[in-house]
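Structure, as C-alpha cells:
The values are calculated or read from the model by the stated rules, or taken from the named source; none is laboratory data. Note that this is a predicted model, so its numbers are computed, not measured. Methodologically, a virtual Cβ is constructed for each residue, glycine included, from the backbone with ideal geometry; neighbour enumeration extends over all protein chains shown. Areas reflect the complete protein model, heavy atoms only, side chains present, ligands, DNA and RNA absent. Shrake-Rupley method; radii C 1.70, N 1.55, O 1.52, S 1.80 Å.
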Amino acid sequence: MGKGVAPNAAQGHFYYLPNNTTNTGSINIYGATYNGSTINVVGNVDANGASGGSLGFVRLAMGPDGRGWILAGDGSNVYLSKFTPGATPTANSATTSTEDVDGVTLVGGSAATFQNGDICLSGNGTIFALANNGSGVTQIFRGTPNGNSTILTKVFDLVDNNGAPFSGTVNGVAFDLLGSLYISTDLGLFFIDQNTVNGPAGTVACILVQSQPGLQDLASNVFPTQSTLPVKLGTFNVTKQGNNAVIDWTTLTEINSDYFEIERSKDGINFVSAGTKQAAGNSAAAVNYQFIDPITINSGILYYRLKSVDLDGKSTYSKIVTLRLSASIVKNFNVYPNPFSSDLKVELKSSKETTITIRISNAAGQLVVSRKAVLQTGENTVVLSSELSTLKSGMYMMEVVTEEGKLTQKIIRR
C-alpha cells in the first residue's frame, strides 16, 4: 500500500510502504524507478518512538513539494512522519523525521476509527485523512503539519446518496483537478463532490461512480488549493490583552462567504459560540479580521476555532488555537514502572489542592479504568493496584484529567 508521484515517466520515481502489521512502529520506505528496474529501502522512520507497539494503520501520500507524509495508527494514537526523497531512489537516500511521536491531536474523532483509509495533500500542504473503522463509520479529517503539535479535525462524516452512514471498507483517497475527492473501496470507486458539503450536519455524500470490487490504493498527481472550503484561511491566532482574548485571522481568498462564527471551549472538545463576524463575501486578496472575547475565568486554557459559513449554509472549521491563562496547576507527570506487571505509580506536582481523574483506555479506545484522586500542594504519588488486576498484557493510554485539560502517556502491561 502506498503511492508515488511521477510527473514525467522518464524521470519519475515511486514510493511505497510494505503491508506489515507487525512492524513495532518501525516503517521502511521503498523507492523505485518508474519501470521498477531499481527498488531500494530509501529510508526508515520510527513512527511511535519508544512505545514499540505495532501499527496496523500505515498510509503514505506525496505532497506538492515532493515530500512524503506517513500517517500511522495503533488504535490508541495516530502518528505523523515525513521524508524527503533523494534525487534517485538509492538505498538510504531519503531524509526522514517523525513529526508527532507523541501522537497527533484528534478533534471530533477517535484514533480507533483509523483502521482503514488513506491520506492525500492539497496544494497548500493540508492533509486530508480518510478514516474508516470497518463497521459503518467513515470520516474525513483535515489539518496542517505543525511539528509535534499537529491537529487533525474531523470535518465530515461520509453518507451515501440516501443520507445513511457510508458503509464498506475504504482503501484510498485522491483529489481531482477541481478539489473534489475520489475514494476507492471494496465495492468500487466513489466520488465526493465538494459542492455537496452539508452545513450544520457536517456530512458529505459519497456516490458510487464505478462498481469494481477489489480496488486497493488510489493516488493522483494534482494538488488543488481549493477543496470543500468557501474560505481559504491564512493566519489564525489568539493573544491576551488585558482582560480580553483577541482573535485575529486572515483569509487569502473568499468565495460566497457569509459570516464567521467564533467558537470557544474550556476543554478543547465542547465548543460554544462566542460571537460572529460578517465575512467579505468574495475576495481574491487577503482580508484581515479581529474579534475580542472577554475572559471570564482566571486560570486554565481557552480553546478557539472558526466556523466559516457560506451563503448556501455550508460550513467548515479551522484548526484550534489555544490561550493559556496561567501557569499549569498540575505538571511533572511521570508513570513508573513502565512497562509494569502489577502496581503502577503516578507522580504529579500540583500548585494547589485539586481533584483529578485518572483514566486508562485500551487500544480500541475503550475506557477500562477510571479513578478520582485529590492532589495536595507539592509532590504527589498516586498508586494504582487493584484497579489494574483485570488488564491484559498490551499497550494502554493513561489520561490525567485536570481542570485545565488532559495529560497523556502510554503505558504497557507485561
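Can you give me the accessible area per residue for the chain, using a 1.4 Å probe, in Å²?
It amounts to 44 Å² per residue over the chain.
Write out the trypsin sites (Lys or Arg not before Pro) in region 9-82 meeting two conditions: DSSP loop, and at most 13 other Cβ atoms within 10 Å of their Cβ.
Nothing satisfies the criteria.
How large, in percent, is the carbon and sulfur part of the accessible surface of region 269-414 at a probe radius of 1.4 Å?
With neighbouring chains kept in place, the figure for region 269-414 is 47 percent.
Given a Förster distance of 22 Å, report the FRET efficiency between residue 38 and residue 221 from their Cβ-Cβ distance, rounded to the nearest 0.05.
So the FRET efficiency works out to roughly 0.60.
What is the percent carbon and sulfur in the accessible area of region 20-126, measuring with a 1.4 Å probe over the protein chains and ignoring ligands?
The value for region 20-126 is 44 percent carbon and sulfur by accessible area.
Rounded to the nearest 5, what % of the DSSP beta bridges within the chain are antiparallel ones?
Expressed as a percentage, antiparallel bridges in the chain total about 95.
Among 45, 383, 238, which one moves the most in a GNM of the chain with springs linking Cα atoms closer than 10 Å?
Comparing 45, 383, 238 in the GNM, the peak value goes to 383.
Connecting C-alpha atoms closer than 10 Å in a GNM of the chain, tell me which of 157, 186, 100 has the biggest fluctuation.
Judging by the Gaussian network model, the answer is 186.
From the square roots a ≥ b ≥ c of the eigenvalues of the alpha-carbon gyration tensor of region 102-192, which class results: rounded (a/c under 1.5), prolate (a/b over b/c), or oblate?
oblate
For residue 91 and residue 345 in one chain, what is 0.36 nm times their gap in residues minus the Cα-Cα distance, to one decimal in nm?
Going from the current span to full extension adds 87.0 nm.
How do 347-356, 70-79, 258-267, 160-169 rank on mean C-beta neighbours within 10 Å, highest first?
Averaged packing, sorted descending, gives the order 70-79, 258-267, 347-356, 160-169.
Multiplying the sequence separation of residue 250 and residue 332 by 0.36 nm and subtracting their Cα-Cα distance, what value in nm do you get?
That pair, residue 250 and residue 332, stretches by 25.9 nm at full extension.
Could you pull out the pairs from 266/307; 266/314; 154/319; 240/314; 154/349; 154/331 whose alpha carbons sit more than 22 Å apart here?
Violating the 22 Å Cα-Cα cut-off are 266/314; 240/314; 154/349; 154/331.
To check you understand DSSP bridge types, tell me what percent of the beta bridges within region 321-414 (both residues inside) are antiparallel, rounded to 5.
If I count the DSSP bridges inside region 321-414, around 95 percent turn out antiparallel.
Using alpha-carbon pairs under 8 Å, 6+ residues apart, how would you state the relative contact order of the chain in percent?
Once divided by the residue count of the chain, the mean separation gives 9 percent.
Taking the Cα atoms of the chain, report the difference between the largest and smallest coordinate on each principal axis, in whole Å and largest first.
66, 54, 43
Quick one: if you stick a label point 7 Å off each Cα along the C-beta vector at residue 409 and residue 296, how many nm between them?
3.6
If R₀ is 41 angstrom, what is the calculated FRET efficiency for the pair residue 377 and residue 273, using the beta carbon separation as r and rounding to 0.05?
0.65
Where is the GNM fluctuation largest for the chain (alpha-carbon springs, 10 angstrom cutoff): 360, 119, 292?
Per the Cα network of the chain with a 10 Å cutoff, 292 tops the list.
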